[in-house]
Every structure is written in C-alpha cells, then in structure tokens.
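Peer 1: Mind having a look at this structure? Questions to follow.
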C-alpha cells in the first residue's frame, strides 16, 4: 500500500509533503479504500496518519455524525458520502462504488474503525464481491482508551470489551460473556450500554457483576469521552444506575484491586509504590 | 487542565499556535505531568495532542526505547530522563521530582499509557506521596488496535486483552482468565506473549484455547505492529507455535466466527453482507 505523503517535522508544526508516489501519480486506475478510525471525536486525538488520509482522498464516506466530527478537514473539492445511522451496508456499497471508479476513498468511523466499526464490513464486502480494490485500515483511539484516560488508569490490567447491544448478537451470548468476564476479575468496558430502545441491558449487566464483585467496586462512567463537552463520574456497582447512561456513554467496571481517589480511578499493575 | 496550544488546520498541514494560556504564562509554579501514549511506534500513528505535548514540555521522561521512538520530536532545549526497562519506579520518581520543581513533564509510554503502561504508576505515586501536581493522561493507540489494523478486522466483536507476563501477576490468575475468555468465545489479544525468560506461557495458553476452540481457529501474529518493519502472519491454533513470537509480538486469537481470506483476518459483526 503506498502512502501519498510524507511527514515533515517543523518548529511548532507538522507539514505533509507529497512524495514521489504522491496523489499526482494516478496512473493506477485501481481504487484505494482507507477505513479510518478518527478517534473519540476531538480532532486533537486524531492520529497524524488519519489526518493525512482524510485531507488527501477524493471521497470521504461515513455516518453523518462522524462526517460532522471531521468536517473541518474536508475541502470543497472532496466528495462526501454521508448516510444515517443504520445504513452501514448502503454506505459501504456507495463508498466502494466510488473507489471502483478509480477514486481514493476514506471511510471514517469514530474511535477505532476495527472495534464495532466499519473495517470488518468493508473487508467482508470486498471479499464477497471479489472487488479489485486495495484496502488499508488506519487504527484510531477507541472509546475504551479515551474513556479510561479521562477516568485515570482503570485499564492497567487485563480487560474485556463487551457491547451490550443485542441488535446483532443474541442476548444470551452477551450474558455469558458478562458472567465470565466478571468471574475472571477482568476490568470490563461496556460499549453501547443503553439506548432509547434498550433500557434493561445495563440493569441486568449490573446484577451479573454484583454476583461476582463487591458492591463497592469502582465504576467509571464517561459521557462523550474526548468529544467536546465530556462528563465523567466515578461511582460504584451499588450506585451506578443513579447516573445518566446513554448512547454516547462508556462504562468501565473495575477489578477487585481497582480503587479511586480524588477524581481518579486506578487499577494497580502490581508495582510496590 | 489547560492546553497550552491550539491547533490550526492549514492546506496540507497542522500548525500549533499558543493560545492565551500558553506556555509563556508560567505564573503557576505547580508542576504539570502528562502521561503520554505515543501509539505503536511509527510517528504517523501519534495523536496530534501527543505530538503537541511532547514538543511543548520542558522534560521528556521514558524508557530508552520509547525515547528513541520520539527522538525526532525532542529539541536540544528539552531535558530527557531515560532509564532502562525495569526501572519504572525510578523513572516515575525522577519525572515527578522534575515536575515538583515547576517543570512541565511528559512521561511517554508506547501504545496507550493506560494499558499495562505508566499511567497507573504515576497516579498511584502522586496519590501515595500526596504530591501537589496536576496529572493528565493522553490516550494513544494501543498494540491491540495497531496489530488488528495490520491483520484486517479481528476485533469487530467482544474481545479480551490479557498479558501473559507473570512477573507481577500470579500465573494461576492468568490461566483462569485465559479459560474464561476462551470459553466465552471472546476474541483474545495476548500482550507480552513470550520473552527470553518466559517461553512456556504461550505454549500453555494455546493448550487452554484448544480445549475450547477449533484447531482451525484463525490466529494473527504481528511483530512490531506499526513500528518500522512490521511483519504479520495469519495462521491457526494448530500451527501458531511454528511462528516466531517474541517481546514485540502481539497475538490475536479469533472467536468461533472469525475467518481469514487473502491477507486479512476478520471477525464478522453480524451484518448480512
């Protein structure tokens, strides 16, 4: 996979320069697709590579909300393909069609595109339709790490990432995973804890945790982590449901060693401090 | 926590400009400590914020190897505190001493500083010694996400991150977590799979997985993910031990739905493609 720019470090700034294989070299008609994790939302947490790709491509495709997050980076010369939330398959097909016409296309996804994001769907579609496209996945900072950094350092030890959305996964599979993660004393990060349609999953998840963990186990709740006006609270299993939890919330439940102090939630790695 | 620079987007470049609360305003003598995740290694996967902080601080502290990774960003005016691998506590104490003198200090850690990194140790030390310091954790792209992007999209569904290092964690705790993660059909990411001193952990981990998963379960092995000359191979549980696995290797074991094609390893999210 070629990279069309190189980075130059300068006093107080980054400059992207095109190299010999830069975008002016469009002799190859083979389309290129970049699936780009844009991080939690605030542009300062975007990787330099993601920045570079979004600035550089012909077409940027994504869910409306994610397009809005990177809007500042998109120029008038670039085409934008944006769709609503449940239109993942349409969005990917439109993006891949644009690439097949020889365009360089970035499909953007919040966080890391490879964590409950668009990377898998793009690769599956390219495989199933046997498309002649080059696909590159650009990693990003996923919500688990963004929320953890806001809370302090809750992920310093083994952790499990579990989505409470049962739209595409049977609820009994999720329950089984919650039990095993709680029983194994993993730190647990919950994605998609609650939505308008799904109110009870977080209630049941808490019940499962209480069967394995102390009621005083620290729980960190972060809304809109590193995306504009983030809010966080550190509570515990006993009281966590008193807090506002919604679509843009990430919930982190500590292991048996996790403790909180001041505004921080920390899971010790095991050093003698 | 103040941010001393703002970002300006320009044609083909990022410029960091000081804002009103910029570094020239050093009226506060209270030291500031930033624990900075520098991502997998290649500077293009550094976040813009991490870049900004490293350029901006008075002192950069870290393990020699990590200092080398960001060496290009450090100027002659900045002080560098670097120590060997097992000197984490010394390194943190030296960095915090520098901060207590009123310096702005960045403690750098590869990947995300909050995942088996330095963030927890810094916060624990500040708490225990009751130091008057402002600490901010800057998230980064952790090895799980970096390696996954190289392999394709293996982390599209629930996953567990487990370190095989038993230096600070009893081996029986690790074994229990491996069993639960395998039994719950999580995708599993193994950090620190092997070192010169620890050769058998990966062998035993594979045995545990084989008790719960098919021998043909895809396994992705990435060496030096997004750090210079990365190498990756997609194999399976049956054959994984034939591959070179070492200190800078990340191993990802698929769930029961994970499949591989061409050079990609993908865990389906559940969409009908």
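Here's the yes/no breakdown for (1) crowded, with 21+ Cβ neighbours inside 10 Å; (2) closer than 30 Å to residue A:187 by Cα; (3) touching a helix residue (DSSP H, G or I) at 6+ places or on another chain (Cβ under 8 Å):
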position	(1), (2), (3)
A:116	yes, yes, no
A:124	yes, no, no
A:134	no, no, no
A:141	yes, yes, yes
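Peer 1: Now a separate question. Any residue that is under 15 Å from residue B:159 (Cα atoms), within 11 Å of chain A (Cβ to nearest Cβ) and touching a helix residue (DSSP H, G or I) at 6+ places or on another chain (Cβ under 8 Å) - is there at least one of those in region B:253-264?
Peer 2: no
Peer 1: Given the criterion closer than 27 Å to residue B:158 by Cα and over 17 Å from the mean Cα position of the chain (by Cα), identify the matching residue among A:84, A:117. So that I can check it myself, show each step before the final result.
Peer 2: On the way: A:117 fails: over 17 Å from the mean Cα position of the chain (by Cα).
On inspection, the qualifying residue turns out to be A:84.
Peer 1: On the given criteria, is residue A:193 over 23 Å from the mean Cα position of the chain (by Cα), assigned to a loop (DSSP other than H, G, I, E, B) and not assigned by TED's automatic domain parsing to the domain that holds residue A:116?
Peer 2: For residue A:193, the condition - over 23 Å from the mean Cα position of the chain (by Cα), assigned to a loop (DSSP other than H, G, I, E, B) and not assigned by TED's automatic domain parsing to the domain that holds residue A:116 - is not met.
Peer 1: Ok, one more. Yes or no: residue A:120 buried (at least 22 other Cβ atoms within 10 Å of the Cβ) and over 16 Å from residue A:33 (Cβ atoms)?
Peer 2: Values: buried (at least 22 other Cβ atoms within 10 Å of the Cβ): yes; over 16 Å from residue A:33 (Cβ atoms): no.
No: the conditions fail for residue A:120.
Peer 1: Does region A:202-231 hold any residues that are assigned to a strand (DSSP E or B) and either closer than 14 Å to residue A:189 by Cβ or not assigned by TED's automatic domain parsing to the domain that holds residue A:262 (or both), and which are they?
Peer 2: Across region A:202-231, the qualifying residues are A:218, A:219, A:220, A:221, A:222.
This table checks each residue for (1) more than 8 Å from every other protein chain (Cβ to nearest Cβ); (2) closer than 25 Å to residue B:49 by Cα; (3) modelled with pLDDT under 95.
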| position | (1), (2), (3) |
| --- | --- |
| A:103 | yes, no, no |
| A:111 | yes, yes, no |
| A:121 | no, no, no |
| A:140 | no, yes, no |
| A:152 | no, yes, no |
| A:162 | no, no, no |
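Peer 1: Okay, next question. Within region A:183-195, take every residue that is over 27 Å from residue B:175 (Cα atoms) and surrounded by 17 or more Cβ atoms within 10 Å (Cβ to Cβ) and give me the one that is nearest to the other protein chains (Cβ to nearest Cβ).
Peer 2: Across region A:183-195, the extreme among qualifying residues is A:192.
Peer 1: A follow-up question, please. Taking region B:73-102 as the search range and keeping residues that are surrounded by fewer than 18 Cβ atoms within 10 Å (Cβ to Cβ) and in contact (Cβ under 8 Å) with a residue 60 or more places away in the chain, which one is farthest from residue B:137 (Cα to Cα)?
Peer 2: The selected residue is B:101.
Peer 1: Quick one: would you say residue B:180 is closer than 26 Å to residue A:168 by Cα, modelled with pLDDT of 95 or more and assigned to a helix (DSSP H, G or I)?
Peer 2: yes
Peer 1: Can you name the condition, by its number, that residue A:232 falls short on among (1) more than 22 Å from residue B:135 (Cβ to Cβ); (2) in contact with a strand residue (DSSP E or B) (Cβ under 6 Å, 6 or more places away or on another chain)?
Peer 2: With (1) more than 22 Å from residue B:135 (Cβ to Cβ); (2) in contact with a strand residue (DSSP E or B) (Cβ under 6 Å, 6 or more places away or on another chain) applied to residue A:232, the lone miss is (1).
Peer 1: Consider residue A:130 carefully, then state whether it is on the phi > 0 side of the Ramachandran plot and not assigned by TED's automatic domain parsing to the domain that holds residue A:234.
Peer 2: yes
Yes/no matrix, rows are residues, columns are (1) facing chain A (nearest Cβ under 8 Å); (2) not in a loop (DSSP other than H, G, I, E, B):
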position: B:137; (1), (2): yes, yes
position: B:145; (1), (2): yes, yes
position: B:157; (1), (2): yes, no
position: B:165; (1), (2): no, no
position: B:169; (1), (2): yes, no
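Peer 1: Being surrounded by fewer than 23 Cβ atoms within 10 Å (Cβ to Cβ) and either in a loop (DSSP other than H, G, I, E, B) or outside the structural domain of residue A:195 (by TED's automatic domain parsing) (or both) is the filter here, so list the residues in region A:232-254 that pass it.
Peer 2: Hits for region A:232-254 are A:237, A:238, A:239, A:243, A:244, A:245, A:246, A:247, A:248.
The values are calculated or read from the model by the stated rules, or taken from the named source; none is laboratory data. All values derive from a computational prediction rather than experimental measurement. Neighbour counts are summed over all protein chains in view; Cβ atoms, including those assigned to glycine, are modelled from backbone coordinates with ideal geometry.
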